1. Which numbered condition trips up residue 216, out of (1) touching a residue at least 60 places away in the same chain (Cβ under 8 Å); (2) surrounded by fewer than 23 Cβ atoms within 10 Å (Cβ to Cβ); (3) at negative phi; (4) outside any strand (DSSP E or B)?
2. Taking segment 200-212, which residues are part of a strand (DSSP E or B), within 17 Å of residue 133 (Cβ to Cβ) and free of Cβ contacts under 8 Å to residues at least 60 places away in the same chain?
3. For residue 382, work out the one condition from (1) at positive phi; (2) part of a helix (DSSP H, G or I) it doesn't fulfil.
4. crowded, with 23+ Cβ neighbours inside 10 Å and modelled with pLDDT under 95: does that describe residue 230?
5. Could you run through segment 19-57 and say how many residues are closer than 30 Å to residue 387 by Cα, at pLDDT 85 or above and out of contact with any strand residue (DSSP E or B) (no Cβ under 7 Å at 6 or more places or on another chain)?
6. Working carefully through the options 147, 106, find the one that is within 30 Å of residue 351 (Cα to Cα), surrounded by 11 or more Cβ atoms within 10 Å (Cβ to Cβ), away from the ligand (no atom under 16 Å from the Cβ) and more than 20 Å from the chain's Cα centre (by Cα).
7. Are any of the residues in segment 314-336 out of contact with any helix residue (DSSP H, G or I) (no Cβ under 6 Å at 6 or more places or on another chain) and over 26 Å from residue 75 (Cα atoms)?
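The values are calculated or read from the model by the stated rules, or taken from the named source; none is laboratory data. In this text the structure is predicted, and so the values were computed from the model without any measurement. Here Cβ is always computed from backbone atoms with ideal geometry, including for glycine, and neighbour counts include all displayed protein chains.
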Ligand SMILES: [Zn+2]
């Protein structure tokens, strides 16, 4: 196979803006500077209860459920199940542009990249510091509205869980433009929230996970976009969650076992059920992976769903695709301590079974070490572990 020059790839990508192509597969709407909507890879059949968050610009796309993203070639690889060269052909093939044009574009690209790299590294570090201040200003969980929220779901957090309650968290969604044309984040809600600290793959504070709460009911807040009437997720991540986790109990320096699952409520429910059964939990760590995609991390490729098909916006019947079982080991991973000799992966039953199974298989391969046992524990179909725990308590 002939090598394709970077200039020819650039030309191909210019001819095929990512957002235009994605818009042919699924219906997207504008939000701030991006297009958002269902992910053409994982969303057509709503594989996950958690609203898929697919964001795309002319250059890049990202999906929080697929835990994947990239340029237009990668999008075609994922949606159409093609390899790199197949995707290039699918997009009309690579053509060598004029060398002068090539040289000029290469210079422009270098300049742009240098600027955006510097700006985004700077932004990330400032945002991290900002989020750490928010975390520091949180109130202790005990006796707080957040503790009431957990109690309402039949669970409590053990000492050491990295959870706090914040009296007034802002909720940002999209962007606004003021009279001078300056764009800024659009704040549509403020109120109390349970805040969890995210530890990154390097062991440092990486961001926060926020569950917005209703002060009256101590349940999750209902957050509505004032312009569109759309109900927005009551949970949000700020900062970076990739390869990160939320510590929900246990001693990091001595524990030999790790129980890890998708959500805070899921993991705390499993902990509570083990405690009720009289298990000695002194050697256990309990972690939330924040979401299912982050539990398994990025896959090397998508695979066809065994049964599901869908009709895309062009009217074609397609086999549903989803992230496969093989982890991309070059991507960041949740840092399971070497001392851990037993890992239990918790699979909730309220997302598509194949989607969850593949995420757990990726996690199992990522966390595999000589002498370490890895097992999977499954919630009943259609339920997460918190649903099951609430039913069990109701007896
Ligand atoms: Zn997706």
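1. Against the list (1) touching a residue at least 60 places away in the same chain (Cβ under 8 Å); (2) surrounded by fewer than 23 Cβ atoms within 10 Å (Cβ to Cβ); (3) at negative phi; (4) outside any strand (DSSP E or B), residue 216 comes up short only on (1).
2. Correct list: 210 only.
3. (2)
4. Working: crowded, with 23+ Cβ neighbours inside 10 Å: no; modelled with pLDDT under 95: yes.
The answer is no for residue 230.
5. 1
6. Working: 106 fails: within 30 Å of residue 351 (Cα to Cα).
Step by step, each of 147, 106 is checked, and only 147 is within 30 Å of residue 351 (Cα to Cα), surrounded by 11 or more Cβ atoms within 10 Å (Cβ to Cβ), away from the ligand (no atom under 16 Å from the Cβ) and more than 20 Å from the chain's Cα centre (by Cα).
7. yes
Residues checked against (1) in contact (Cβ under 8 Å) with a residue 40 or more places away in the chain; (2) exposed (fewer than 12 other Cβ atoms within 10 Å of the Cβ); (3) over 24 Å from residue 332 (Cβ atoms); (4) touching a strand residue (DSSP E or B) at 6+ places or on another chain (Cβ under 9 Å):
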{"site": "62", "(1), (2), (3), (4)": "no, no, no, yes"}
{"site": "67", "(1), (2), (3), (4)": "yes, no, no, yes"}
{"site": "77", "(1), (2), (3), (4)": "yes, no, no, yes"}
{"site": "81", "(1), (2), (3), (4)": "yes, no, yes, yes"}
{"site": "90", "(1), (2), (3), (4)": "no, no, yes, no"}
{"site": "112", "(1), (2), (3), (4)": "no, yes, yes, no"}
{"site": "126", "(1), (2), (3), (4)": "no, yes, no, no"}
{"site": "131", "(1), (2), (3), (4)": "yes, no, no, yes"}
